[in-house]
Amino acid sequence: MSDEVIHGLVVDVGTALDRLDHIPAGSEKVDAPPPVLMAYQQAWIADEAQLKVMEKSRRTGLTWCEAADDVLIASAEGGSNVFYISANQDMAREYIEAVAMWAKAFSYVASQIGEGIYEDDVDPEKGRRYIKTFEVTFPATGRRILALSSRPTNLRGKQGVIVIDEASFAPELAGLIKAAMAMLLWGDKVRIISTHDGVENPFNSLIEEVRAGKRGSAEVATVHRVTFDQAVDAGLYRRVCLRKGLAWTQAGQDKWSTEARAMYGDDAAEELDVIPSQSGGAYLSLALISQRMVPAWSSTNPTGPVLIRGKWDDGFAYLPEDVRRFAIAGWIAENITPHLARLNKSLRHVFGNDFARNRDQSVITVLHEDLDLVEYVRLVVELANCPFSSQQQILFALIDGLPRFRGGAMDATGNGAALAEAAAQRYGTQMVEQVKLSDGFYLAHMPKLKAGLQDATLVDIPRDDALRDDLRAIKLVQGVPKLPKADTQSAGAKAAAADGGGGKLRRHGDFAIALFMAHYAFTREAGEIDFMALPSKVEEWGGKADDGDFVSSAGWVRGF
């Protein structure tokens, strides 16, 4: 096979992943032969990260495409040996046969499949263990691909690329991963491929760590995810038809997919949809949230994080614009400006915003990053039933007062798009990101929020029942950590709101998203805007009366 053809197999990672996300069912031409590798297989091979993890559906051809990549590695000048670790002899033989097939397809000179014995160290009392192996060597480079029919207890003395297939089912996976990581020190690579076997499995824990950045940057460690439906949309059933000599039809594909799901029954979510079992509970434990909460600011606790709540009556939105702007300016001067003045002017600040207009709360959360790179919550502003223009006035006043403004992120998924766009226009798109929340975004960034709380690099959340309920509202929904569509307010909080006349208001994890956005803002590449002093008088916000006139005007604004 020519270099051009080989190169065609290994396309750009971003392009391939984009194809996988957007390919509609039946998008390949029926009368044209499909590419050798499907989009997600191409993306897997193209990814050069040292540590790659694949969470996948059953029978998606990942072992087959991994064999292709391993042949390219072992046969290349300056390449590496490859050690494939499987669960049983059948898997090892299937893999090594794929290796031999790819070597022939690539026109590389390789030995016939050889069988041997791998001597494995075990507990001295139990003696040694011998593992059957299958091997293909490449005389031109002196490299070999060795497939082990069982998992070794150690990898001492081995150097090369390590491939662990169906890792979830390894009896000592944590120890095996630890041993495999030693290969990275010498520039080799580790590939871990598996379906899921429960949310508490070390394989799932590894995925969480990689997504949280605990295993290195995105250039060093990556996670790929392929569900059964994605594989079918990318052409899996077409390959089945080619293999069996069948004519592809949409009806045939639909029938085949339905039968596959029926075959797995209740296990289809884990086996086909890549959702770890028992994964429907709260994403953040009550104990973890409580550990990161501290008493909020008060006159007796002047160093605590500030929690400000503002609520407006329905009629406020229909007052003349100049009256509304004057009233909001007074509220800002009384409730926000004094706290902005107390922020540490030597530290970088970011904000996150979750927008709401009517029933939910609109929340702005401000963090600063200390010299020890720990992020501290400094200010939380909740706005209930606040008009669109008034929210913009409050947000801009707050941002203008942030010392060393590092940037912000805003939920622009729904009605918040207008406010997010206005902020990006005012401060620049580099400084303010308009985030369209999606399952992909949650998967990529929510584990980092959890890791920050676990590692105590995200701290000082104001101790408050509503904020705690918001964070507890994050659930694993079909394997994705996000907010469910229903209200997230606890029954006790709802009852309290009803007793206080706030029955119209509800919560939908509002603070959780604002904190999520603020934490994400610190991960963005952005510039910095120096501190801009805020006016301290109502007149400088466009008003003409004093604070007393504002407070007693008609009871439209109440800060609490």
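Each value in this text was obtained by applying a stated rule to the coordinates, not by laboratory testing. Keep in mind that this is a model prediction, so the values were computed, not measured. We place every Cβ from the backbone using ideal geometry, glycine too, and count neighbours over all the protein chains shown.
Results, tabulated for the structure shown:
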quantity: Length added when fully stretched, SER290-SER205, from 0.36 nm per residue minus Cα-Cα; calculated: 28.4 nm
quantity: Compactness of the stretch 354-420 - radius of gyration and Dmax, Cα, Å; calculated: 12.8, 39
quantity: At R0 = 22 Å, FRET efficiency that the Cβ-Cβ distance of ASN344 and ASN301 yields, to 0.05; calculated: 0.85
quantity: Length added when fully stretched, THR429-ALA182, from 0.36 nm per residue minus Cα-Cα; calculated: 84.8 nm
quantity: Potential lengthening between PHE388 and ASP314 on full extension [0.36 nm per residue; Cα-Cα distance subtracted]; calculated: 25.4 nm
quantity: Normalised alpha carbon radius of gyration of the stretch 50-226 [divisor 2.2 N^0.38 Å]; calculated: 1.00
quantity: Relative exposure of TYR264, TYR520, TYR427, judged by other C-beta atoms within 10 Å (fewest first); calculated: TYR264, TYR427, TYR520
quantity: Separation between Cα centres of the stretch 59-111 and the stretch 392-446, rounded to whole Å; calculated: 47
quantity: Virtual spin-label span in nm between ASP439 and ASN415, 7 Å along Cα→Cβ; calculated: 2.7
quantity: When each of LYS56/LYS158; LYS178/LYS448; LYS189/LYS485 is checked by Cα-Cα distance, pairs over 31 Å; calculated: LYS189/LYS485
quantity: Principal axes of the stretch 26-107: Cα extent on each, largest first, Å; calculated: 39, 30, 26
